[in-house]
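Notes to accompany the following structure.
None of the figures in this text is laboratory data; all of them are computed from the coordinates on show. Predicted model only: the values in this text are computed from it and were never measured. Ideal geometry is used to build each Cβ from the backbone, glycine not excepted, and the neighbour counts take in all protein chains shown.
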Amino acid sequence: SQQGEEDPQALSIQEGENATMNCSYKTSINNLQWYRQNSGRGLVHLILIRSNEREKHSGRLRVTLDTSKKSSSLLITASRAADTASYFCATAQVYSGAGSYQLTFGKGTKLSVIP
Amino acid sequence: DAGVTQSPTHLIKTRGQQVTLRCSPKSGHDTVSWYQQALGQGPQFIFQYYEEEERQRGNFPDRFSGHQFPNYSSELNVNALLLGDSALYLCASSLGLAKNIQYFGAGTRLSVL
């Protein structure tokens, strides 16, 4: 089952504009991660934010996390045509008994950046 | 430094057949997770292997089974294929159970006719 739900499902912007994607989830988490996927290929890890963090930056990426609202947002600034891809949030639940964890992905936001 | 490699890239099978997908983890990684991604959906967790044992399992029937070898590589087996098993199968590796960043392979696209 999908835990995270991204919003919007699709986003089209002009090159140079900022892109914001939102993610909501249902259960408590250890951390939340954002991944990028180009054309049905493998996923690339972008950024991880832990449940005790509120904001994190990496290059042109800014991620926020609000655990009280069970939501996160990913901001890509100064977008480029090469940013065109699908973006997924994934929540990590750690099972302390088994010493393992599970990533649960949302359905993704399809971002199109028009040159 | 080799990343996660999966084989084959594409596969076509018919209903009722069995399939085996293979994954070699990133160098130095010892944990392998498998995901199924249907068209237009996010990846869904199938199971995770560490120390040659299945550590966690998602909501998938017993037709889906796996194995991890001493060199940390892994196989995903699916028996009695259904049309609904058509999907991109992704393998991800990580170092240890406590590390949460997973590195994904390019996937195997399985078509069941």
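On the given criteria, is B:Gln6 within 11 Å of chain A (Cβ to nearest Cβ), assigned to a strand (DSSP E or B) and closer than 13 Å to B:Ala106 by Cα?
Working: within 11 Å of chain A (Cβ to nearest Cβ): yes; assigned to a strand (DSSP E or B): yes; closer than 13 Å to B:Ala106 by Cα: yes.
It is true that B:Gln6 is within 11 Å of chain A (Cβ to nearest Cβ), assigned to a strand (DSSP E or B) and closer than 13 Å to B:Ala106 by Cα.
What's the total number of residues in segment B:60-88 that are touching a Gly at 6+ places or on another chain (Cβ under 8 Å) and within 11 Å of another protein chain (Cβ to nearest Cβ)? Don't jump to the end; show me each part of the working.
Narrowing segment B:60-88 to residues touching a Gly at 6+ places or on another chain (Cβ under 8 Å): B:74-77, B:80-81, B:88.
Applying the additional criterion that residues be within 11 Å of another protein chain (Cβ to nearest Cβ) yields B:88.
So the answer is 1.
Anything in segment B:67-98 that is part of a loop (DSSP other than H, G, I, E, B) and either touching an Asp or Glu at 6+ places or on another chain (Cβ under 7 Å) or free of Cβ contacts under 8 Å to residues at least 60 places away in the same chain (or both)? List them, or say none. First the steps, then the outcome.
First, the residues of segment B:67-98 that are part of a loop (DSSP other than H, G, I, E, B): B:69-73, B:79-82, B:86, B:95-98.
Selection gives B:Phe69, B:Pro70, B:Asn71, B:Tyr72, B:Ser73, B:Ser86, B:Leu95, B:Gly96, B:Ala98.
Hey, among B:Gln44, B:Gln36, B:Gln48, which residue is closer than 13 Å to A:Gly42 by Cα, crowded, with 18+ Cβ neighbours inside 10 Å and in contact (Cβ under 8 Å) with a residue 12 or more places away in the chain? Steps first, answer last, please.
Working: B:Gln44 fails: closer than 13 Å to A:Gly42 by Cα; B:Gln48 fails: closer than 13 Å to A:Gly42 by Cα.
Just a single option satisfies the conditions, and that option is B:Gln36.
Tell me, yes or no, whether segment B:42-59 has at least one residue that is more than 11 Å from chain A (Cβ to nearest Cβ) and among the small types (Gly, Ala, Ser). Before the answer, list the steps.
Narrowing segment B:42-59 to residues more than 11 Å from chain A (Cβ to nearest Cβ): B:52.
Cutting the leftovers down to among the small types (Gly, Ala, Ser) gives us none.
The answer is no, given that none of the residues of segment B:42-59 is more than 11 Å from chain A (Cβ to nearest Cβ) and among the small types (Gly, Ala, Ser).
Go through segment A:1-76 and tell me which strands (runs of 3 or more DSSP E), entirely inside it, have 2 or more residues that are surrounded by 15 or more Cβ atoms within 10 Å (Cβ to Cβ) and at the interface with another protein chain (Cβ under 10 Å from one of its Cβ atoms). Reasoning before the result, please.
Numbers: elements: A:5-7, A:10-14, A:19-24, A:31-37, A:43-50, A:55-58, A:61-66, A:71-76.
Here the list reads A:5-7, A:31-37, A:43-50.
Name the single residue, out of those in segment B:15-58 being of a type in the set (Lys, Arg) and assigned to a strand (DSSP E or B), that is farthest from B:Asn71 (Cα to Cα).
Among residues in segment B:15-58 that are of a type in the set (Lys, Arg) and assigned to a strand (DSSP E or B), the one farthest from B:Asn71 (Cα to Cα) is B:Arg57.
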